[in-house]
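Reading through the structure tokens given below for one structure.
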Amino acid sequence: MCQYEHSPTDAAGLLNEGKAEDAYQLLAAKDFEYSGNSEFDYLLGIAALDSGHPDKATLALERVLAVDPNFAGARLDMARAYFHLGDLPRAKTELEAVMKQEPPEAARITIEKYLAAIDSAEEAKKTRYSAYLEGTVGRDTNVNNSTSQSDVAIPAFGDLVFTLNATSLKTPATYYMGAIGGEVNHDFTGQWSVNGGVDLRQRNNHKMHTYDFGSLDARAGAAFATGDEVFRLGLTWGFYEQAHLKNRNSYGFTGGWQHTFNPKNQLNVFGQYGKNRYSDPTYQVNDFNQAVIGAGMLHILDDGKSALFGSINGLKEGAVHDRADGSKSGYGLRFGGQTSLSEEAEVFANVGFQRGQYDKRNLAFLVKRDDKLSDATLGANWHFAKLWTFRPQISYSRNKSNIAIYSFDRIDASMTVRRDFR
């Protein structure tokens, strides 16, 4: 054992007495002077590890193994240090290397316990759970997406002017909304994974309960990742109710391809097909099937705190029955960005445009319906506590249509508090 100038009780004696921190402090003070001496480095490594300094332990033990790669005791302690640092792959590599040296029975038992713990931890990492709970209060200037024009001329009746019922006119309201959801993802091989999730929402409007709505959306899918590519397939199912009465069901499938060019640029190509079916026989004439295909880009700016995105999509909505305006085809564009103001806050904004053209001449208005929907959103996220987020947000949307009853504008301002669980 090398000799050091120190207090009366030497480092080895302190370790034997269970005073690992005292031993570590004593040895750390001499590190510059005695670094490179294998006996000193090994003692320092053990003291650092047993006193809760696994990062310092790896530095000392690396020096020991550089001189004597077959020192099983140092390699076992190195594995323990990696384990406590959370570097499980390197810990497993070191443990398996010691096993090949046919260690004593006591060491073998210790190694098997660590290997079992690593296997358990790796298995737990393969299955990830997350959930959230949200509460929102807001003011919506048009809860029923309706026109503000009360008098409408009907060409089929010689431009005779009709006055719309109040329920068909723009209606403002304060609203309260709650949402809860969760997701699970299981990784089988590092390439193949499966996932599933569900979201439940309920929105109630103050004094305007005719327009209350609730929804339940579920999804399940699989993904395959290889290199810079990720391929996804999924199934969706949804249930929507209005005024607490069953309104419609939707179900379909989704697919996508994601390509990462580099850490700053990512391409996504996506597609989905779904069927929407109304429960009330009165509204079943509006049943439709919808197909969407599109692509989007994500770009991280050089500051690493800001991101820009854009997407384009094409849409085809096929009427199942004799819908008044027939089937619809169209396209959509969306652009936006986000930037961090601090570790706790970021702001975001996006704008979108969607055009929908119908293929059947409306018998009342004597034209084929043509809608142009524009929207913009501005908001912020403030992470005021771990897993807690406060989100103020304001959105504006406007639909311009060649049929007056479908033209509307809307402003929705809200505040949301969200709690994540993971």
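Test residue 246 against the stated conditions and say whether it is in the same structural domain as residue 334 (by TED's automatic domain parsing), under 19 Å from residue 198 (Cα atoms) and exposed (fewer than 15 other Cβ atoms within 10 Å of the Cβ).
Yes.
Hey, does the range 338-347 have a residue that's closer than 28 Å to residue 288 by Cα and modelled with pLDDT of 95 or more?
no
When only residues in the range 59-78 that are of a type in the set (Asp, Glu) and part of a helix (DSSP H, G or I) count, which is nearest to residue 119 (Cα to Cα)?
Checking each candidate, the answer is 77.
Does the range 1-32 hold any residues that are aliphatic (A, V, I, L, M) and either at pLDDT 50 or above or under 15 Å from residue 57 (Cα atoms) (or both), and which are they?
Across the range 1-32, the qualifying residues are 11, 12, 14, 15, 20, 23, 26, 27, 28, 29.
Only one of 370, 322 is within 30 Å of residue 281 (Cβ to Cβ), surrounded by 15 or more Cβ atoms within 10 Å (Cβ to Cβ), of a type in the set (Asp, Glu) and free of Cβ contacts under 8 Å to residues at least 40 places away in the same chain. Can you tell me which?
Every option except 370 fails the conditions.
Hey, any hits in the range 286-309 for a residue that's in contact (Cβ under 8 Å) with a residue 24 or more places away in the chain, of a type outside the set (S, T, N, Q) and under 30 Å from residue 205 (Cα atoms)?
Checking the range 286-309: at least one residue is in contact (Cβ under 8 Å) with a residue 24 or more places away in the chain, of a type outside the set (S, T, N, Q) and under 30 Å from residue 205 (Cα atoms).
At least 2 residues that are of a type in the set (D, E, K, R) and surrounded by 15 or more Cβ atoms within 10 Å (Cβ to Cβ) in each: list the strands (runs of 3 or more DSSP E) lying fully within the range 79-197 that qualify.
Qualifying strands (runs of 3 or more DSSP E): 127-140, 173-187.
Any idea which residue in the range 198-233 is farthest from the chain's Cα centre (by Cα), counting only those that are among the polar types (S, T, N, Q) and either buried (at least 16 other Cβ atoms within 10 Å of the Cβ) or not assigned by TED's automatic domain parsing to the domain that holds residue 131 (or both)?
Checked the range 198-233; the qualifying residue farthest from the chain's Cα centre (by Cα) is 205.
So which of 135, 158 ends up being in the same structural domain as residue 414 (by TED's automatic domain parsing) and within 30 Å of residue 202 (Cβ to Cβ)?
Criteria check complete, one pass: 135.
The values are calculated or read from the model by the stated rules, or taken from the named source; none is laboratory data. Values in this document were obtained by computation on a predicted structure and should not be read as measured data. Backbone-built Cβ (ideal geometry, glycine too); neighbour counts: all protein chains shown.
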